[in-house]
Amino acid sequence: MFQRILIANRGEIALRIMRACRELGIETVAVYSEADRGAHYLTLADESYCIGKAPASDSYLLINRIISAAEIGNVQAIHPGYGFLAENAHFAEVCRECSIEFIGPHHSAMEQLGDKVSARKIAADAKVNVVPGSDGLVTDEKTALEVAGKIGYPVLIKATAGGGGKGMRVAMNEISLKSGFSAARQEAEKAFNNPGVYLEKYIERPRHVEVQVLADQHGNCVHLWERDCSTQRKHQKLIEESPAPDLPKSVREDICKSAVRLIKTCGYYNAGTVEFIVDKEHQFYFIEVNARIQVEHPVSEMVTGIDLIKEQIRVAAGEELKLKQRNIKSQGCAIEVRINAEDPENDYRGCPGKITKLRVPGGFGVRFDSHVHEGYVISPYYDSMIGKLIVHRETRDEAIAAALSALDEFVIEGVKTTIPLARRVLAHSAFKDGKIDTTFLERTF
């Protein structure tokens with residue numbers, strides 16, 4: 001087991017990793033930008049180093065400075081958290097070249113899965129359903145029109161290196177395909193330095209269901225069941241839950257088995273999430289693999305009782321999984337609500353500023369993962385998440401009621417938040433009935 005781990009991240013996830021390390025008896029080294037200097041969570045680290053100015057491009061994305069801090073701190077491993085460099089295959093490779101273990105998958109698996117065309121091929125080889133589309137990259141408008149003619153409109157133009165909805169365009173007909181094709185390529189080039197795009201059949205009003213997987217370096221792989229993340233806006237999730245509501249048992253089992261099969265096919269290890277879309281007939285299709293720990297990982301922890309961060313560390317240290325699939329039960333229902341410093345009434349504009357008053361909920365089955373405190377300043381340089389409320393109850397109705405009750409307990413003053421919107425969503429009849437899809441939030445609110 002490692003003696004020291006550097007956490008190449010900030011905020012909520014950095015604190016989450018620190019706590020797991022402390023329980024395992026592992027010392028931690030934190031890195032921070034000038035904007036995060038003095039943050040309370042840094043006091044839990046055994047050592048901390050400033051690695052640059054406030055912008056992420058001048059700090060949290062600088063591989064050389066993070067490696068320097070790791071070498072000065074004499075660590076054996078680096079945990080990247082989520083965001084920033086978490087899915088950067090080059091960073092993972094540099095870590096291992098410097099004899100520092102990267103707490104995540106091998107860089108070769110990250111490269112394969114980070115390219116969506118390559119990932120589609122891996123899924124197909126694993127006999128996992130993929131959305132009908134082009135066999136590879138589409139480099140010209142003529143080919144795009146031919147592919148669309150075969151699979152039928154509407155079609156989705158997607159960046160092969162994309163994520164977060166960037167480099168994506170829906171084309172309802174030939175005219176919109178012609179205009180959207182060049183626009184998607186330009187956006188992909190600007191965002192990812194890679195103009196490559198491919199085409200898929202556009203599935204209208206699907207659900208977003210993902211499977212949490214965990215694999216070791218000895219060929220063992222298990223799933224921790226599924227999460228429904230359909231309540232989202234522009235590919236940014238607001239509410240996640242497990243189990244997925246209104247999903248037949250047979251489909252639930254098939255989608256989880258498919259995720260494990262795909263992961264085993266490409267030799268992936270550590271924690272990961274296999275994402276699918278599910279249509280109205282409960283047919284599911286592979287989207288992508290997130291080769292990291294997810295923001296919403298506590299949902300799976302609550303229904304299974306398994307600490308995913310600790311398992312990540314054990315796997316990275318070369319330990320064999322002690323978990324057996326037959327023993328991993330999904331108990332009850334967990335719901336996570338992301339609380340962001342945003343104004344939903346003003347196009348979700350970020351609301352940086354000082355939190356002048358803070359009171360958070362508690363009680364049985366209520367968890368609030370956050371790094372903020374009274375006086376904490378939400379920075380304009382990073383994401384706007386204040387924290388994550390997670391509740392766990394025996395039934396979904398009880399979990400919704402618990403989430404609403406917990407949201408009512410919150411007092412956050414000084415910045416606007418998404419709490420009022422979350423209340424409205426949870427109280428909506430369509431959400432309560434589990435009749436949601438990825439367009440629900442934007443259509444309804």
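The values are calculated or read from the model by the stated rules, or taken from the named source; none is laboratory data. Nothing here was measured: the structure is a model prediction, and the numbers come from that model. Every residue, glycine among them, receives a Cβ derived from its backbone with ideal geometry; neighbour counts consider all protein chains shown.
Among the residues making up the range 175-194, those that are touching a strand residue (DSSP E or B) at 6+ places or on another chain (Cβ under 8 Å) and either touching a residue at least 60 places away in the same chain (Cβ under 8 Å) or surrounded by 15 or more Cβ atoms within 10 Å (Cβ to Cβ) (or both) are 176, 177, 180, 181, 184, 185, 187, 188, 191, 192, 194. Scan the range 421-437 and report the pairs whose first residue is assigned by the TED database to the domain that holds residue 231 and whose second residue is polar (S, T, N, Q) and crowded, with 17+ Cβ neighbours inside 10 Å, with Cβ atoms within less than 9 Å and a gap of 6+ or a chain change. As it stands, the answer is 425/231; 431/231; 436/230; 436/231; 437/230, since those pairs meet every condition given. Residues of the range 92-120 that are crowded, with 23+ Cβ neighbours inside 10 Å, within 19 Å of residue 31 (Cα to Cα) and in contact (Cβ under 8 Å) with a residue 40 or more places away in the chain: 102, 103, 104.
Cβ-Cβ distances below 7 Å connect the following pairs, each with a first residue in the range 150-174 that is surrounded by 15 or more Cβ atoms within 10 Å (Cβ to Cβ), a second residue that is of a type in the set (Asp, Glu) and part of a helix (DSSP H, G or I), and a separation of six or more residues or different chains: 166/187; 167/187. For the range 137-149, the candidate set comprises residues that are under 31 Å from the mean Cα position of the chain (by Cα) and outside any helix (DSSP H, G or I); within that set, the residue that is surrounded by the most Cβ atoms within 10 Å (Cβ to Cβ) is 138. Of all the residues in the range 258-300, those that are touching a strand residue (DSSP E or B) at 6+ places or on another chain (Cβ under 8 Å) and either free of Cβ contacts under 8 Å to residues at least 24 places away in the same chain or assigned to a strand (DSSP E or B) (or both) number 16. Only one of the numbered conditions (1) crowded, with 16+ Cβ neighbours inside 10 Å; (2) over 20 Å from the mean Cα position of the chain (by Cα); (3) in the same structural domain as residue 192 (by the TED database) is not met by residue 134, and that is (3).
Identify all residues within the range 317-374 that are among the aliphatic types (A, V, I, L, M) and under 29 Å from residue 441 (Cβ atoms); write none if there are none. Answer for the range 317-374, where residues must be among the aliphatic types (A, V, I, L, M) and under 29 Å from residue 441 (Cβ atoms): 334, 335, 337, 339, 341, 355, 358, 360, 366, 372.
Among the residues of the range 402-423, the ones that are part of a helix (DSSP H, G or I) and under 25 Å from the mean Cα position of the chain (by Cα) come to 10 in all.
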